[in-house]
Amino acid sequence: MRAPVRYTPDVEDVKPDEGRTIEGLNETFDTILKTVAQDSGHAVRSVHAKAHGILEGVLRIDESLPFELAQGLFAKAGEHKVIMRLSTNAGDILPDAVSLPRGLALKVLNVDGERLPDAEGTTQNFIMVNGKVFQAPTAEKFLGSLKLLAGTTDRAEGLKVVASTVLRGVNKALTAVGIESPTLGSLGGAPNVNPLGETYYSVTPFRYGDYIAKFSVAPVAPGLTALTGTEIDASGRPNAIRETVQSEMEGIEGVWEFRVQLCRDLERQPVEDPTVEWDEEEAPFQRVGLITVRPQDSWEAGRVQAVDEEMRFGVWTGLAAHRPLGNINRARNAPYKHSAEFRQQFNRCPIHEPGAGR
């Protein structure tokens, strides 16, 4: 196996027009944010608005990791409290019969080290989805798709449910012959899977101390792996996923591996194009820690208020050692902050970053 590629700033290719694209993203997210807020009277996130569970657990970083894995947050063995938010990727609150890709936002608390610019507090955030690639190669292409979706925000729920059923069938037929379609999934054709059994991926690359990596969180506890691939019947139950997660987590201990995939060839594992899957035979995922979540109420009112309403998650909240890399990541910084600021102002509810008051 090839040695991992060393990080240097020139692994990124920053285009001169990225600022204009970011302005377009902010404007389009504004359309989504304002439409939902005005229709419902409450502001939610511009992406992954609907949470299905809020969990508290512990990340235990493995001891005696080899040098290439003992980087950044993972340089020293130890324990950190974590908060996990399970979600679906739409920017409006839809009935669960509209099946979309699942998301996992992970906030690791009390992390020491040099922070990214403007990263408040003392946490390291990871944002992941249950797919290995992003739907667009660049932020400019993503903006085009987002403008189409913004036009359907908070409209024709019934049609979305019907369309989702049709798209799921098309997606299953394609999958059966070996074709995966992130685009169909993002439009409502994703399998309506139980989020507790899913493996999640960062999709985009990050600095990993001296190296470059993508991240993954994978279930390993039998109570979770038994749920992998199981689909939830959400007909007539708008919050079926939330209810299922709540029921399951009352009786099982959740254990997930945190895994790192080191870049070993910049041509085969590009930094700037997140539609390219990094081949796991050439660049395998390697475990660096375990996340453990005891049985708990995953929709406990106090925790939902503290996390879903009063916190934000963003890939630019964390350590300089895990700097987000690539065009899509560079474009995520301003819109994520913009979304949080809008929620804070509209709901008149301050958003707190753990450790920011130190």
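Here are the numbers for this structure:
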item: Relative contact order of the range 1-97, defined on C-alpha pairs under 8 angstrom at six or more residues apart (%); result: 30 percent
item: Nearby aspartates and glutamates by direct alpha-carbon distance to Lys34 (threshold 17 angstrom, same-chain neighbours under 8 apart not counted); result: Glu23, Asp92, Asp154, Glu309, Glu341
item: Most fluctuating residue given options Val11, Val98, Val217, as computed from a GNM of the chain linking Cα atoms under 10 Å; result: Val11
item: For the range 201-358, size of Cβ-based charge dipole, Lys and Arg +1, Asp and Glu -1, in debye; result: 760 debye
item: 5 angstrom amide H check on Val220, placed H, neighbours 5+ away; result: Val255, Trp256, Glu257
item: Computed over the chain: relative contact order in percent, which uses C-alpha pairs under 8 Å that are six or more apart; result: 26 percent
item: Sorted largest first, extent of the range 20-146 alpha carbons per principal axis (Å); result: 50, 33, 28
item: Residue among Ala340, Ala119, Ala301 with the largest mean-square fluctuation in a Gaussian network model of the chain, springs linking Cα atoms under 10 Å; result: Ala301
item: Sequence-distant residues sharing a close amide H with Gly289 (under 5 Å, placed H); result: Asp62, Phe258
item: Under 5 Å, built H, 5+ apart or other chain: amide partners of Gly53; result: Leu86
item: For the chain, calculated [θ]222 nm from helices alone, where every DSSP H run of n ≥ 4 adds -39500 (n - 2.57); result: -8500 deg cm²/dmol
item: In order through the range 20-37: 3J(HN,Hα) via Karplus (6.51 cos²θ - 1.76 cosθ + 1.60), integer Hz, x for Gly, Pro; result: 5, 5, 5, 4, x, 5, 4, 5, 6, 4, 4, 4, 5, 4, 5, 4, 5, 4
item: Rounded to the nearest 20 debye, dipole of the range 100-141 from Cβ charges on Lys, Arg, Asp, Glu; result: 340 debye
item: Dipole in debye (nearest 20) - the chain, about Cα centre, beta carbon charges: Lys, Arg +1; Asp, Glu -1; result: 360 debye
item: Ranked by how many other beta carbons lie within 10 Å on average, peptides 282-291, 243-252 from highest; result: 282-291, 243-252
item: Overall Cα dimensions of the chain - principal axes, largest extent first, Å; result: 53, 52, 51
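Every number in this text was worked out from the coordinates using simple rules, so none of it is lab data. Keep in mind that what you see is a predicted model, and the values were worked out from it rather than measured. Reconstructed Cβ throughout: ideal geometry from the backbone, glycine too, with neighbour counts over all protein chains shown.
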